[in-house]
Amino acid sequence: MTEASHGSSFRTLESLVTEEDLKGKRVLIRVDFNVPLEEGPGGLQVGDDTRIRAALPTLKRLLNAGATLFLVSHLGRPKGAPEDAYRMDPVAARLSQLLGAEVRYQATDGPAGAQQQRFVAAAPAGSVTLLENSRFDSRETKNDPAMARVLASYADYYVNDAFGAAHRAHATTEAVARLLPSAAGQLMTAELQALKRLTDQPDRPFVVVLGGAKVSDKLGVIESLLSQADAIIIGGAMAYTFELAKGGSVGGSLVEPDLADTAERILASAEERGVKLLLPPDSVCAQSIAAGVETRVFPSGAIPDGWLGLDVGPRAVELFSRELAGARTVFWNGPLGVFETAPFDAGTTAIAKVVAGLDAYTVVGGGDSIAALTATGLQDQIDHVSTGGGASLEFVEGVALPGVTALEAN
Ligand code: ADP
Ligand code: MG
């Protein structure tokens with residue numbers, strides 16, 4: 001795989017423009033402020049603000065250099081039209097607190113509409129303006145050049161710090177980057193550098209842990225990892241599709257029968273290439289997903305009817321821990337069980353402890369994986385916790401990320 005296919009030749013902010021040249025310049029920044037909202041005393045408010053905090057270094061740097069900032073992000077999944085539940089005002093409020101500066105915001109029909117354009121034109125030098133939700137505009141997900149032209153007219157430079165959206169070719173991530181001198185922000189740069197250590201001659205053995213609900217979500221990454229990793233550990237519901245492929249019985253476990261053939265092919269390919277593919281020998285099972293239900297441990301390929309495999313079992317934890325013990329590089333995506341419901345979080349927690357304690361380069365990515373890791377309090381002992389689930393998987397898979405490729409053009 002070439003360097004470029006991993007988006008490694010992107011331009012950084014430092015290489016685009018000097019501090020002095022930023023003074024008085026207008027900068028459009030694509031941020032990932034797609035944060036959870038919750039009901040508060042004064043209406044909707046931001047829940048977990050990790051993503052907003054993660055953007056602060058880039059924003060502060062630009063502000064300190066004397067630039068005027070326009071920030072754009074998507075929030076939730078509005079369907080190409082304004083929806084009050086997804087307006088950016090709770091985000092503007094939280095950002096203002098964290099930044100210790102006023103954040104201008106006006107509710108509009110989208111970031112490129114006429115009203116928004118007037119509000120942008122009125123921005124004082126050195127101010128911070130948060131634009132309206134990019135997905136209020138149906139042209140965003142179509143990577144529409146006309147929408148991008150309006151956004152580009154707001155600024156002298158474009159900075160993309162939204163790693164979590166880099167795998168999408170949207171107007172705010174791709175088209176606009178082609179119209180302005182563009183660079184990666186500090187968060188984007190840190191993400192790409194951290195993930196590059198997985199794809200560019202990782203220290204070996206390189207062990208990958210994959211879990212989660214569906215094989216179909218991770219098929220691409222499994223296939224590509226067969227040529228990169230020394231061992232692939234599979235947990236979560238995915239494991240049962242593999243058991244099915246081997247002719248096992250998996251009771252009522254979540255499976256994708258259509259993918260059994262694919263799973264069989266992956267098993268064969270792993271064997272051919274000498275990549276260890278480890279499935280959980282046993283599973284913690286129950287008759288329903290609920291806290292406090294009766295659980296039993298069965299071999300993962302011999303789960304009786306009426307029982308569901310909901311977590312990797314004790315022998316699986318032992319096997320996986322032993323494999324991980326020798327690893328020098330670890331990439332983990334996807335919980336190994338239904339971690340949201342105790343006691344089916346036990347396998348994920350046990351493996352999180354093992355990974356956190358390793359003398360290896362460790363990376364964890366994926367929304368649910370990070371939630372599971374954060375619940376253990378061990379996130380600080382992981383070398384890199386990626387803010388982008390889908391984007392980190394596609395990067396590791398070797399797919400060029402459109403949002404990064406576009407930064408190479410200018
Ligand atoms: P991430 O967000 O980290 O990429 P995924 O979204 O792929 O992870 O997978 C997380 C989901 O997988 C969780 O909701 C978890 O409950 C589910 N899951 C894991 N193991 C099982 C299982 N054995 N049966 C059903 N669901 C599972
Ligand atoms: Mg998820």
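The values are calculated or read from the model by the stated rules, or taken from the named source; none is laboratory data. These numbers come from a predicted model, not from an experiment. Counting neighbours? That spans all protein chains shown, and the Cβs are built from the backbone with ideal geometry, glycine included. Only protein heavy atoms, including side chains, enter the accessible area calculation; ligands, DNA and RNA are left aside. Shrake-Rupley method; radii C 1.70, N 1.55, O 1.52, S 1.80 Å.
For the chain, the mean residue ellipticity at 222 nm estimated from helices alone is -10500 deg cm²/dmol, where every DSSP H run of n ≥ 4 contributes -39500 (n - 2.57) and the total is divided by all residues, rounded to the nearest 500. Taking all protein chains as they are arranged and a probe of 1.4 Å, the heavy atoms of Thr141 leave approximately 80 Å² accessible to solvent. Among the GluC sites (Glu not before Pro) in segment 250-328, those placed in a DSSP loop whose Cβ has at most 10 other Cβ atoms within 10 Å are Glu294. Between Ala231, Thr405, Ser127, the Cα set farthest toward the positive side of the dipole of the chain (charges on each charged residue's Cβ, about the Cα centre) is that of Ser127.
Where both bridge residues fall in the chain, DSSP classifies roughly 25% of the beta bridges as antiparallel. Assuming charge only on the beta carbon of Lys and Arg (+1) and of Asp and Glu (-1), the dipole of the chain about its Cα centre is about 900 debye to the nearest 20. Of the accessible area of the chain, computed with a 1.4 Å probe over protein heavy atoms only, carbon and sulfur atoms account for 49 percent. Rounded is the label for segment 49-194, because a/c, from the alpha-carbon gyration tensor with a ≥ b ≥ c as root eigenvalues, stays below 1.5.
I need the shape label for the chain. Rule: rounded when a/c is under 1.5, else prolate if a/b > b/c, else oblate, with a, b, c from the alpha carbon gyration tensor. The shape class here is prolate. Between the helical axis of 186-199 and the longest alpha-carbon principal axis of the chain there is an angle of about 30 degrees. Here the calculated FRET efficiency for Glu223 and Leu98, from their Cβ-Cβ distance with R0 = 35 Å, stands at 0.30, rounded to the nearest 0.05. Taken per residue, the accessible surface of the chain reaches 40 Å², heavy atoms only and a 1.4 Å probe.
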